[in-house]
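Notes follow the structure.
The values are calculated or read from the model by the stated rules, or taken from the named source; none is laboratory data. These numbers come from a predicted model, not from an experiment. Ideal geometry is used to build each Cβ from the backbone, glycine not excepted, and the neighbour counts take in all protein chains shown.
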Amino acid sequence: MHGSRSTKIKIGTAGAVGVAALVAGLVQSAGAAEPDDSGAKGAKGAPTSITTISTGWTIPWGTSWLPDGSTALVTERDSFKVFKVTPAGARTQVGTVPGSQTTGGEGGLMGVALDPDWAANHYVYFMHTSSDGNRIARMTYNGSALTGYKALVQGIKKAKYHNGGRLAFGPDGYLYASTGDAQTGSLAQDKNSLNGKILRMTKDGKAAPGNPFGTLVLSLGHRNPQGLAFDSKGRLWSAELGQNSQDELNLIKPGSNYGWPTCEGNCSVPGMTNPKKTWGVAEASPSGVAVVDNAVYMASLRGERLWEIPINPDNESVGTAKAYYVGTYGRLRAVTKVPGADQLWLSTTNADGNGGEPAGSDRIFRVTIG
C-alpha cells in the first residue's frame with residue numbers, strides 16, 4: 001500500500017532513446033535538518049519562512065496555477081471537488097470531476113494541470129479514478145466553473161494503492177502523467193501497459209511526437225510515482241514510492257527503464273537506470289515535487305518533511321539533501337512552485353486515513369525560498 005508504505009523496486013542503468021527537449025536525472029543521499037518556521041536566512045535555496053494560508057481541507061491532492069499566477073486550482077481526492085484559490089488563500093469551489101470514484105485507498109481525484117494556453121482555450125486536465133480504471137480527462141474552466149468533461153486516456157488500471165496520479169506540462173508543450181503499477185509489478189515492465197509508467201501526450205491524449213515506442217509511454221519500470229517537475233534546463237524529475245527499503249528521485253529520460261519490480265533503489269541489473277538519490281522509506285514516502293532555483297523540493301508522506309535536493313543545471317550531479325519541518329505538519333502531499341516568485345505552496349493530507357486526523361484538518365502553506 002502507501003501512506004504507511006507502498007510497494008516498489010527499482011533498477012540500475014538504462015539505455016535511453018532521444019526525444020527532443022526532454023529530461024535528465026537526479027539525487028544522492030540526504031541528511032536531515034531541523035524544522036525552522038521563522039527561519040534564519042540560510043544558504044541559497046533554503047526555505048526561510050512558512051505561513052498557513054488556507055485551512056479546512058480534506059486531502060488536497062493536486063495543485064496547478066493559471067499561467068498568470070492569479071489563481072490556483074486545487075483538487076480534493078475523496079470529495080472529487082475542485083477549488084479555485086487566490087494567492088492569499090481564499091477558496092471557492094468551481095466544480096467536481098464527473099464519474100470519479102475512490103478505491104478505498106489512494107485512488108480518486110488526483111492530479112490537475114492547467115493548459116499553458118489557458119487564456120486561449122480554457123482547458124484544464126485531471127487524472128482521476130473512474131469505474132473503468134484511472135483516466136486522464138479534460139474540462140473547460142472559464143474562471144468560475146468547470147464544464148464539458150471529455151476522457152482523453154482510458155485503460156490505465158486502478159487498484160486500492162499505486163495509482164500514481166500526477167500531471168504536468170513540459171516546456172515542449174506536451175502533457176506528462178505518472179501512473180502506478182496498480183499493485184501488479186509486472187505491468188511496470190510491460191511496454192504495452194500504461195501502468196508503472198511516465199506518459200507523454202498531446203493535449204488530445206495522443207502519443208506525443210518522438211515518444212520512444214510510438215505510444216504514450218515515455219519511460220517504464222515505475223512502482224508508484226507521484227511527483228513530476230521540470231527544471232530550468234527542461235529536464236524531468238520524478239519522485240517514486242518504494243516498497244520496503246528505498247524511495248527514489250529519478251531523472252526521467254525517454255525510453256529508460258527504472259527497474260521496478262526487478263530492483264528497489266540502486267542495483268546493477270543491465271538495462272536498468274539507477275535513481276539519482278534514494279531514501280529509506282520511513283524518512284520519505286514521497287509525493288509531489290517542485291523545482292525552485294536549481295533545487296528539487298520533495299514532499300514526504302510517511303517521512304513528514306520537505307526535502308531540498310540541490311541539482312546542477314550543467315550536469316546530472318546532485319548535492320546533499322536537507323530536510324525541513326520534520327514531523328511538524330504531518331503528511332506532506334503536494335508541493336508546487338508559485339509563478340513569478342521563489343515560493344512554494346505545500347499541502348498536507350493528514351485526513352487520508354494514514355495521518356490520523358479528521359476531515360477538514362488539512363492545510364495549505366506558503367513557503368518562501370531564500
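Data table
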{"read-out": "Set Asp342, Asp362, Asp314: member being among the charged types (D, E, K, R) and within 21 Å of Lys81 (Cβ to Cβ)", "value": "Asp362"}
{"read-out": "Flag if Ser256 is closer than 13 Å to Ile309 by Cβ, modelled with pLDDT of 95 or more and either of a type in the set (S, T, N, Q) or touching a Lys or Arg at 6+ places or on another chain (Cβ under 8 Å) (or both)", "value": "no"}
{"read-out": "Some residue of the stretch 342-363 being under 19 Å from Phe230 (Cβ atoms), under 19 Å from the mean Cα position of the chain (by Cα) and basic (Lys, Arg)", "value": "no"}
{"read-out": "Residue list for the stretch 259-301, restricted to those being in contact with a helix residue (DSSP H, G or I) (Cβ under 7 Å, 6 or more places away or on another chain) and either modelled with pLDDT under 95 or surrounded by fewer than 23 Cβ atoms within 10 Å (Cβ to Cβ) (or both)", "value": "Pro261"}
{"read-out": "Pairs with Cβ under 9 Å, 6+ apart, first in the stretch 300-319 and under 20 Å from Ile364 (Cβ atoms), second among the β-branched types (Val, Ile, Thr) and surrounded by fewer than 20 Cβ atoms within 10 Å (Cβ to Cβ)", "value": "Gly303/Val326; Glu304/Val326; Glu304/Thr328; Arg305/Val326; Arg305/Thr328; Leu306/Val326"}
{"read-out": "Residue in the stretch 136-148 that is farther than 22 Å from Pro225 by Cα and among the charged types (D, E, K, R) present", "value": "no"}
{"read-out": "Complete set of residues in the stretch 48-79 that are closer than 19 Å to Tyr325 by Cβ and among the polar types (S, T, N, Q)", "value": "Thr48, Ser49, Thr51, Thr52, Ser54, Thr55, Thr63"}
{"read-out": "Lone unmet requirement of (1) free of Cβ contacts under 8 Å to residues at least 40 places away in the same chain; (2) over 22 Å from Leu66 (Cα atoms) for Ala188", "value": "(1)"}
{"read-out": "Selected residue (only one of Ala207, Ala137, Ala188, Ala177 is more than 19 Å from Gly255 (Cβ to Cβ) and aliphatic (A, V, I, L, M))", "value": "Ala137"}
{"read-out": "Hits in the stretch 275-328 - residues which are of a type in the set (S, T, N, Q) and within 19 Å of the chain's Cα centre (by Cα)", "value": "Thr278, Ser285, Ser287, Asn294, Ser300"}
{"read-out": "Residue list for the stretch 100-133, restricted to those being more than 16 Å from Leu175 (Cα to Cα), without any contact (Cβ under 8 Å) to a residue 60 or more places away in the chain and either polar (S, T, N, Q) or in a loop (DSSP other than H, G, I, E, B) (or both)", "value": "Ser100, Gln101, Thr102, Gly104, Gly107, Gly108, Thr129, Ser130, Ser131, Asp132"}
{"read-out": "When residues of the stretch 103-134 are limited to those that are buried (at least 18 other Cβ atoms within 10 Å of the Cβ) and β-branched (Val, Ile, Thr), the one nearest to Tyr161 (Cα to Cα)", "value": "Thr129"}
{"read-out": "Selection status of Val94, within 26 Å of Asn134 (Cα to Cα), in contact (Cβ under 8 Å) with a residue 60 or more places away in the chain, aliphatic (A, V, I, L, M) and not in a loop (DSSP other than H, G, I, E, B)", "value": "no"}
{"read-out": "Residue check, Thr320 farther than 14 Å from Ser285 by Cα and of a type outside the set (A, V, I, L, M, F, W, C)", "value": "yes"}
{"read-out": "Pairs, first farther than 13 Å from Thr55 by Cα in the stretch 350-370, second among the charged types (D, E, K, R) and surrounded by fewer than 20 Cβ atoms within 10 Å (Cβ to Cβ), C-beta under 6 Å, six or more apart", "value": "Ile369/Asp342; Gly370/Lys41"}
